[in-house]
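Participant: Just passing along the structure, written as structure tokens.
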Amino acid sequence: MRVRFWGTRGSIPTPGRHTLRYGGNTICVEIRTDAGQRLILDGGTGLRGLGRALIQEGHPLDIDILISHTHWDHTQGIPFFAPMTRPENRITIYATSGTDKDATEVFARQMDYANFPVPLDERQGQVEFREIGEEEFNIGEIRVQSCFVNHTILTLGYRICCGNVCAVYVTDHEPFAPSLYRSDVADPDLDDIVHAGDRKHVKFLADADLVIHDAQFTAEELVHRRDWGHSSLEYAVEVCVAARAKQLAFIHHDPDRSDEELDRLEAAGQAYARQLGADLKVFAAAEGMEIELSETGEALATSSATYPVSLEARRHSRILVVDDEPAMVQYLTMVLTRDGYEVLQAMNGYEALALVREQPPDLVLLDVMMPEMDGFQVLRELRASEEFRDLPVIILTALAGEQDIVRGFEGGVTDYIDKPITPAVLRARVRRWLLSRDSR
């Protein structure tokens, strides 16, 4: 398997003298197997150069593109992808829209006449969009597993395996908790990870030959960029070490980051891995860089299952909001109703349990600090019921301490989010659990 980086920058293209070595194009990665099968990860401005190179091959192309999410820096290159202009070429784009519009409509709007001279439906290439969620599927000889990650819009990471080699691609992902491990454990392992979301993330990266991971910020910078949906370099190293990955290529470089700064970050990341006692190789992804991964040996075992994404089901979901602060209930209701959800409201735990029984919701947003019956007690009652044992419950609270988060997951909560919460994060996390195959 050969991995080539055509774009490594995040947010916006940054051409100039300060980005010559690591590149200024937004994110785009190409994977080719030893047998010649091709897979493209994301369609940032780096996709334009890749498209021009593919046209030079001079034969009909069968191209599969996996889009992590539909923000501009991951899709800016799609309108300029030259193979889409040739009728003999077939392009399949896999994506999750993250909104109440399907993927086809999202990309068509990007290429609307007001924004681009040639609309999507006038492209001569055979373009097909496939809406996906968390799934395992095959594209030719390549096995793909997709997994929701933590960003400000519904976003997928991809685990790509061929033969016995695996590369994992995770960009635009924010840690779920301030620290990875519990502070009261001297030699922590997987079970000592504070937040279940981070534990699932480590499992997704497990034993990868190469992890391509978001590291737009440092740990110090991330403190001041909460809810931006990105990782620190330190977090990327920590999860790769926990997952026993072999190599970490950190990517989605901040647009203000110069080549010299990335040199220093690369050295700091490698030093941190050594400090953690790991042999993990850490390096900054650079435009034009190629990595060879051997495909020798037997194919790794994998399941093959799909979990179809239903936009209609998502639009008509019923959500119960439980909070004793009227302003918070009003705020959450406003955000959720704009997305087409039916919203039920409860001001305390007793009201919440009564509503759950009378009008069973598809998801519950649950505050903790409430009079008479707190959120942990409500959670305990729900998990004691056979009917509501698997009901997705998201705790949304000002209690953000490590022990509070641990208590929530030990009690069976689906997700744990600390206040305040932005509309973007709320929408993304709610959508994730309404679509996820793993609500517990």
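Just so it is clear, none of the values below were taken in a lab; they were calculated from the coordinates. None of these values were measured; they are calculated from a predicted model. Note: ideal-geometry Cβ built from the backbone for every residue, glycine included; neighbour counts use all protein chains shown.
Participant: What does a probe at K200 reach in region 352-395, counting residues whose amide N is under 16 Å from the point 7 Å along Cα→Cβ?
Facilitator: Residues 363-365, 390-395 fall inside that zone.
Participant: Now for a separate question. What angle do you read, to the nearest 10 degrees and between 0 and 90, between the alpha-carbon axis of helix 326-338 and the longest principal axis of the chain?
Facilitator: 40
Participant: Among all the lysines, which ones have a C-alpha under 25 Å from K200's C-alpha, if same-chain residues fewer than 8 places away are not counted?
Facilitator: K246, K281, K419
Participant: Please give the Cα centre distance for region 233-292 versus region 161-232, rounded to the nearest Å.
Facilitator: 13
Participant: Angle between the Cα long axis of helix 259-275 and the longest principal axis of the chain, 0 to 90 degrees, nearest 10?
Facilitator: 60
Participant: Then there is this: How many angstrom lie between the C-alpha centres of region 50-89 and region 418-435?
Facilitator: Cα centroid to Cα centroid, the span is 31 Å.
Participant: Grab the DSSP H runs of the chain that are 4 residues or longer, score each as -39,500 (n - 2.57), total them, divide by all residues and round the 222 nm result to the nearest 500 deg cm²/dmol.
Facilitator: -8000 deg cm²/dmol
Participant: Also: Once you keep just the Cα pairs under 8 angstrom separated by 6 or more residues, what percentage relative contact order results for region 315-440?
Facilitator: So the answer I get is 22 percent.
Participant: Within 10 Å, count the other beta carbons around each residue, average over each peptide in 255-266, 181-192, 317-328, and list them highest first.
Facilitator: 317-328, 255-266, 181-192
Participant: Right, another one. Expected output is a single nm value to one decimal: the length gained when fully extending between S294 and R226, i.e. 0.36 nm times separation in residues minus the C-alpha distance. What is it?
Facilitator: 20.7 nm
Participant: Can you tell me the length gained on complete extension of the stretch A271 to S179, counting 0.36 nm per residue apart and subtracting the Cα distance?
Facilitator: Taking 0.36 nm per residue and subtracting the Cα distance, the gain is 31.2 nm.
Participant: Please work out how much length the chain gains when fully extended from R338 to Y350, using 0.36 nm per residue of separation minus the C-alpha to C-alpha distance, in nm with one decimal.
Facilitator: Length difference between fully extended and current span is 1.6 nm.
Participant: Among the DSSP beta bridges whose two residues both lie in the chain, what percent are antiparallel, rounded to the nearest 5?
Facilitator: Bridges in the chain that DSSP calls antiparallel: roughly 40 percent.
Participant: Tell me which chymotrypsin sites (Phe, Trp or Tyr not before Pro) from region 88-174 have a DSSP coil assignment and no more than 10 other beta carbons within 10 Å of their own.
Facilitator: Y113
Participant: Which net charge results for the neighbourhood of R90, defined as the other residues with beta-carbon distances under 11 angstrom from its beta-carbon, given Lys and Arg at +1 and Asp and Glu at -1?
Facilitator: Surrounding charge for R90 is -3.
Participant: For the Cα atoms of the chain, what angle does the longest principal axis make with the long axis of helix 46-55, in degrees from 0 to 90, nearest 10?
Facilitator: The two axes meet at around 40 degrees.
Participant: So, one more: Please report V282, V165 as a ranked list, fewest other C-beta atoms within 10 angstrom at the top and most at the bottom.
Facilitator: If I rank by nearby Cβ atoms, fewest first, I get V165, V282.
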